[in-house]
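Values quoted throughout were computed directly from the atomic coordinates according to the rules given, and no laboratory measurement underlies them. Note that the structure is a prediction, hence the values are computed from the model and not measured. No Cβ is skipped: glycine too gets one built from the backbone with ideal geometry, and neighbour counts run over all protein chains shown.
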Amino acid sequence: MKIGGYAGSILCVNLSTGGIKKEPLDSDLACGFIGGFGINSKLGYDLIRPGTEPLSAENKIIIGAGPFVGTNIPAAARLCSLTKLPVNGAIGWSGGAGMNFGIMLKNAGYDHVVIEGHANKPVYLRIFDDDVEICDAGTLWGKGSGETVDELYTEYGRPLGVVSVGQAGEHLVKFSMAFVERCGTMGRGGLGAVFGSKNLKAIIARGTKGIRISERKRYRELVDHLYERMKGYPGLKGAHMYGFLNFMPAMPQEDYLELKKARIACVSCPIADKDLLQIKKGRFRGRSVYCSAAVNTLMPMMYGITNDYGESIKLFEDLDSYGLDQMEALELLKFADQLYKHGMLTEKELGTPGIKFEPDSVAEWLKKIAYREGFGDVLADGFGEVLKKYGEGIEEFAPLEVKGMIAYQGITSPIKADLFTTFEFGMAVHPKGPCAAPGGSSPLYFTRGRAIDWVAGHLDRMGVPKDAQERIFTPKDGMLLNVGRMEKYSQQSLFVVDMLGTCGRGQINRFYSNKVQGELYSAVTGFEMTGEELMKASERAFNLVKAANVREGFDRKDDRFPEGWFGEEKHKDYYENVEITKELAYGLLDDYYDERGWDVKTGIPTKAKLRELGLDYVISDAEQIGIRYA
């Protein structure tokens, strides 16, 4: 390969046979399906056979890092994973903090890793340049995700890239996650369980080869300009001081400063949005806890389990150590308690007279879920399976579930949000359902009430064509902004981030206009591409993932909003003029499909759209198994 930014190889590992091979990364693949998310989507479509069981040896774990990872482009460390998810059977991907892992993988000579099979004992995969080995993980099995990282640091030293799972992954908890060096989360929907199903405890990487830049002078000028802009950013001091709380004030700043021990950054990040907190009071005084953002440690407080920071942070640490998705775990406990109180679950089944929402009781329940003990074994299968068993007559306390996971942000959701933005809308149309940014990076909460001209400027920065903006701003049922049509471009904008490998959080993403992304990509790779062409490439990749899910039986019936959003309390549109009724929400869904060029009746791509994107082979593949595209 002569394209800069790419290491040039795909590492393929079969844990059943012990086979390890290095395959060249085809330049046409790299240019047509760019980077982490893009190439992952093509590999996933080609390699994950329709009907594959998520926890079988045949399922694949695909991890990739885009062409910016390994450079000194600001905050270019993002990783992407793709697999068939156990929580709902969807082909789903995650983009997350790469910490050191992404750059180490690239420097070792690999853009992507594809793992299949099932080891006959616990193992971890060691990738040190050309020295790749499947290693015994017997001493690591049974340890938490963070403890696993510490053990590997002790053995191999630092720097070291580590992706690991906790006990929940080992016990195939369907909503378990993978963690990147204790701070980065990856794989909502059960990536941790897929690791566990393969007896894979961790992947570690260290590389020394470096990444080639094609047009160095042009590259330096662009990167220097980015750093200068960031230095002049009025919010930089606050971001350095308060991290994510500077943008989401979920706790008093003075309380955060008392807890803050250190700020943690992914490689090349000039802001550092992750935290090392130290508990200063109570029985866990002196304990230090890593987190992807301090606001995440407040979730136990939000659920009324405690009003003490130390207790909340320790429960958060338990969740991360086990590898549990905290929203799923806490909401499942709340649901189980409601089932008991409504007489649908007996004390004998539950094992206790209800669930006490206090720290020690919740800590014990988290352990039961992670180890599948008692009724924890039932909860470990997630909302989809629990609802199948207890789903009748629960309307008054039914969880706000979409595609087998909790719709955690919304008007009546655990995280209460009153506007119907691309985030809320995105939970219904993202292939895997609710996740960190299901509708892309939406400005609508942080800038509510801004003038249409300001929103138009934001859409310009995202690379939204003028004709599409006209459709977005065409009034509909009293709304001045059509969130259904905007959804496509908000998604595509984030998918470009997932392809290239830069941070998706607003404090960094704000500096990367679509035009800048195109210029940087051209300088790094030497392959000239505009921002508009990057958006088209991300659309191609997304439609391919959509096609993979169509093969699995997903269509419009699965793109739905929680019924609980249409009761007495309803969302408002961006300008707070219109209540979002059920009819209006699904009318916006029609607009989303239309904007994407999909069939409105079925919610899947049309032949014309697939051909426009160069995905003609998807049509013939589908016809062979009886699927007909309109």
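Compute the length gained on full extension between Lys367 and Thr139: take 0.36 nm times their separation in residues and subtract their Cα-Cα distance, giving the result in nm to one decimal.
Result for the pair: 80.1 nm of gain on full extension.
What distance in nm separates the simple spin-label points at Lys416 and Lys237, each placed 7 Å from Cα in the Cβ direction?
It works out to 3.5 nm between the two label points.
For segment 231-239, just list the computed ³J(HN,Hα) in residue order, Karplus coefficients 6.51, -1.76 and 1.60, θ = phi - 60°, integers in Hz, with x standing in for Gly and Pro.
4, x, 5, x, x, 5, 4, x, 5
Going down the list Lys341/Lys367; Lys557/Lys607; Lys42/Lys106; Lys21/Lys403; Lys388/Lys582, which pairs span over 28 Å between their C-alpha atoms?
Working: Lys341/Lys367 22 Å; Lys557/Lys607 20 Å; Lys42/Lys106 19 Å; Lys21/Lys403 36 Å; Lys388/Lys582 24 Å.
The pairs that break the limit, which is 28 Å between Cα atoms, are Lys21/Lys403.
Could you give each residue of segment 316-333 its phi-based ³J(HN,Hα) in whole Hz, using Karplus coefficients 6.51, -1.76, 1.60 with θ = phi - 60°, and x for Gly or Pro?
My calculation for segment 316-333 gives 4, 4, 4, 4, 5, 4, 5, x, 8, 5, 5, 5, 5, 4, 5, 6, 5, 5 Hz in order.
Given a cut-off of under 8 Å on Cα pairs at least six residues apart, what relative contact order in percent is computed for the chain? Mind dumping the intermediate values first?
Details: 1370 pairs, mean separation 94.4, N = 630.
Across the chain, relative contact order equals 15 percent.
Fewest Cβ neighbours within 10 Å first, please rank Tyr227, Tyr242 accordingly.
With the sparsest Cβ surroundings first, the list reads Tyr227, Tyr242.
Can you give me the relative contact order of segment 35-190 as a percent, contacts being Cα pairs under 8 Å and 6 or more apart?
Normalised by residue count, the contact order of segment 35-190 is 22 percent.
Just subtract the alpha-carbon distance of Tyr156 and Glu576 from 0.36 nm times their residue separation and send over the number in nm, one decimal.
Numbers: separation 420, 0.36 × 420 = 151.20 nm, distance 5.49 nm.
Extra length from Tyr156 to Glu576 when fully extended: 145.7 nm.
For the pair Thr474/Glu569, report the inter-label distance in nm, with labels modelled 7 Å from Cα in the Cβ direction.
3.4
Compute the Cα gyration tensor for segment 481-630, then decide on rounded, prolate or oblate, letting a ≥ b ≥ c be the square roots of its eigenvalues: rounded whenever a/c is under 1.5, prolate when a/b is larger than b/c in the other cases, and oblate in all that remain. Present the calculation step by step, with values, prior to reporting the outcome.
Values: a/c = 2.45, a/b = 1.14, b/c = 2.15.
Taking the square roots of the gyration eigenvalues as a ≥ b ≥ c, segment 481-630 is oblate.
Give me the number: length gained by fully extending Lys607 to Leu29, i.e. 0.36 nm times residue separation minus the C-alpha to C-alpha distance, one decimal in nm.
205.9 nm
Pick the calculated semi-axes √(5λ) of the Cα gyration tensor in Å for this structure from (1) 32, 30, 26; (2) 36, 31, 23; (3) 50, 45, 26?
(1)
Sorted by packing (mean other beta-carbon atoms within 10 Å per residue), highest first, where do 266-274, 570-578 land?
In descending order of packing, they fall as 266-274, 570-578.
For Val618, Val69, what's the fewest-to-most ordering of other Cβ within 10 Å of each Cβ?
Ascending number of Cβ neighbours within 10 Å: Val618, Val69.
Could you grab the relative contact order for segment 235-399? Cα pairs under 8 Å, six or more apart, rounded to a whole percent.
13
Please give the peptides 55-62, 29-36 ranked by average Cβ packing (other Cβ atoms within 10 Å per residue), highest first, as a rough proxy for protection.
29-36, 55-62
Which of the peptides 70-81, 6-17, 417-428, 124-135 is most tightly packed, and how do the rest follow, judged by the mean count of other Cβ atoms within 10 Å per residue?
The packing order, highest mean first, is 70-81, 417-428, 6-17, 124-135.
Report, ordered by chain and residue number, the lysines lying within cross-link reach of Lys515, taken as a straight Cα distance under 16 Å and ignoring same-chain residues fewer than 8 apart.
Lys466, Lys536
Please report the spacing between the Cα centers of segment 240-265 and segment 290-307 in Å, no decimals.
Segment 240-265 and segment 290-307 have Cα centres separated by 13 Å.
Which of the lysines could a cross-linker bridge to Lys348, judged by Cα under 17 Å and excluding same-chain residues fewer than eight apart?
Lys356, Lys368, Lys389
Can you compute the helix-only [θ] at 222 nm over the chain? Use -39500 (n - 2.57) per DSSP H run of at least 4 residues, normalise by all residues, nearest 500 deg cm²/dmol.
-11500 deg cm²/dmol
What does the convex hull of the Cα atoms come to per residue for segment 235-399, in Å³? Mind showing how you got there, number by number?
On the way: hull volume 21.5 nm³, N = 165.
Here the figure is 130 Å³ per residue.
For segment 564-577, what does the Karplus curve 6.51 cos²θ - 1.76 cosθ + 1.60, with θ = phi - 60°, yield as ³J(HN,Hα) per residue in whole Hz, taken in order and with x for Gly and Pro?
x, 7, 10, x, 5, 8, 9, 5, 10, 6, 4, 8, 6, 9
If R₀ is 35 angstrom, what is the calculated FRET efficiency for the pair His342 and Glu254, using the beta carbon separation as r and rounding to 0.05? Could the numbers behind the result be given before it?
On the way: r = 42 Å, r/R0 = 1.20.
After rounding to 0.05, the efficiency reads 0.25.
By DSSP, what percent of the beta bridges with both residues in the chain are antiparallel, rounded to the nearest 5?
Working: 50 of 66 bridges.
Antiparallel: roughly 75 percent of the beta bridges in the chain.
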